[in-house]
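Below is one structure, written out as structure tokens, with a few remarks after it.
Where a number appears in this text, it was derived from the coordinates with a stated rule and is not lab data. What you see is a predicted model; the values in this text were computed from it and never measured. In this analysis, Cβ positions are derived from the backbone assuming ideal geometry, glycine residues included, and neighbour counts consider all displayed protein chains.
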Amino acid sequence: MAEIKFFRRAIKAALTRLTEVGFLSSWQIDDTDKVKVTRSQMLTSDAVGAAKAL
């Protein structure tokens, strides 16, 4: 059971870090341990290049 506790802690830390760097805008873990994430709208280098071409 201790492995699950550390796994959950690691998942939460990773999701928090992804939010801090802007990859995710939000995340939730429900009572059944289902993870729901909302991705940020990040600009990729392809999108930046396409915007500059306009």
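Annotations
- The mean sequence distance of close C-alpha pairs (under 8 Å, at least 6 residues apart), as a share of the length of the range 2-42, puts its relative contact order at 29 percent.
- Scanning residues 5 or more positions from Ser25 or on other chains, those with amide H under 5 Å from its amide H are Thr38, Arg39, Ser40, with H placed 1.01 Å from N in the peptide plane.
- Placing a pseudo-label 7 Å from each Cα along the Cα-to-Cβ vector at Met1 and Ile29 gives an inter-label distance of 1.6 nm.
- Extension gain for Ser40-Ala10 works out to 8.7 nm (0.36 nm per residue, less the C-alpha to C-alpha distance).
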